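See below for the structure under consideration.
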Amino acid sequence: MLLLFMLFTALPLLSMLSTALAPDGSVPHGLSWPRHPHWHNFVAAWNTANMLSLLRSSTLIVLGVVPASVVLATMAGYGLAKLSVPAGKYVYALFLLGLTLPIEALITPLYYQSKELGLFGTRWAIILPLIGLYMSFGVFWMRTHFLATPPELDEAAQLDGASTSQAFRQIQLPLAAPAWSSLTILFFLWTWNQFLLALVLVSNPNQRTMAGGLGVFQGQYGTDVVLLCAASLLIMTPSLVVFVIFQRHFVKALLQGAIK
């Protein structure tokens with residue numbers, strides 16, 4: 001079954017790769033490897049879509065979103081799981097309510113708010129909303145982890161004279177490394193592949209994410225299937241590489257609740 005699902009997942013990627021290597025301007029049909037692969041199509045897609053500017057912009061957006069989101073989610077998750085937060089159950093219920101809201105329902109108010117705050121057309125119009133949108137899942141993820149840790153760890157830290165912040169930094173945070181590292185991977189993938197906010201809230205294509213820049217590229221070169229597939233593969237490559245390198249942390253975070 002795993003091999004079947006893996007094949008089902010890999011076929012679209014192989015089809016995109018074979019199409020990207022076809023002669024420029026052609027319209028390939030089905031999955032067929034070209035007799036003479038045109039690797040220069042990737043260079044043409046890189047230059048045509050101005051990938052270097054999009055790569056720089058995506059990196060800046062990721063650096064603005066991911067660290068802040070992980071830090072805030074980790075601290076809030078620990079507070080709701082281990083500390084006596086006033087009305088903590090209701091606060092957590094509000095975070096859970098945020099999981100039910102699709103981003104499409106928020107795009108209109110975000111559009112007007114970014115204009116009122118003077119952020120429209122800048123990268124902050126993507127960074128700040130994404131940090132807020134990620135909090136619901138991030139707090140849920142980290143709270144679940146901290147609830148699974150034995151309370152005896154905190155009691156032992158208190159007996160040794162550690163403060164709450166010391167117990168968090170020196171005991172809970174290192175133990176939560178699989179949880180927050182996997183959360184970092186998820187936030188990176190979601191930010192890198194963010195399409196809608198980048199397309200609506202930023203007018204300058206060079207300040208969007210790579211996925212958002214692909215929308216403009218598709219509008220200009222939508223009939224050039226070969227170039228479009230080459231550009232899509234270039235955009236997907238960084239996220240695939242990051243996931244392959246750090247997948248063991250992600251799997252470890254999913255399985256750690258089964259091991260005492």
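None of the figures in this text is laboratory data; all of them are computed from the coordinates on show. Keep in mind it's a predicted model, so treat the numbers as computed, not measured. Note that each Cβ is placed from the backbone with ideal geometry, even for glycine, and that neighbours are counted across all protein chains shown.
Charge dipole (Cα centre; +1 on Lys/Arg Cβ, -1 on Asp/Glu Cβ; no other charges) of the range 59-258 amounts to roughly 120 debye. In the chain, Cα pairs under 8 Å separated by at least six residues give a relative contact order of 32 percent. Using the Cα coordinates of the range 96-143, the gyration tensor eigenvalues translate into equivalent-ellipsoid semi-axes of 23, 12, 7 Å, sorted from longest to shortest. Close amide H partners of PHE120, meaning residues 5 or more places away or on another chain with modelled amide H under 5 Å apart, are LYS115. Entry note, the range 150-241: relative contact order of 17 percent, from Cα contacts under 8 Å with a spacing of 6+ residues.
Here Rg/Rh (Cα atoms, Kirkwood Rh) was computed from the coordinates, and among [x] 1.06; [y] 1.00; [z] 1.25 the match is [x].
Per residue of the chain, the DSSP helices (runs of n ≥ 4 H) give a summed -39500 (n - 2.57) that works out to -24000 deg cm²/dmol at 222 nm. Seen from VAL202, the other residues with C-beta closer than 9 Å to its C-beta sum to a net charge of +2, counting Lys and Arg as +1 and Asp and Glu as -1.
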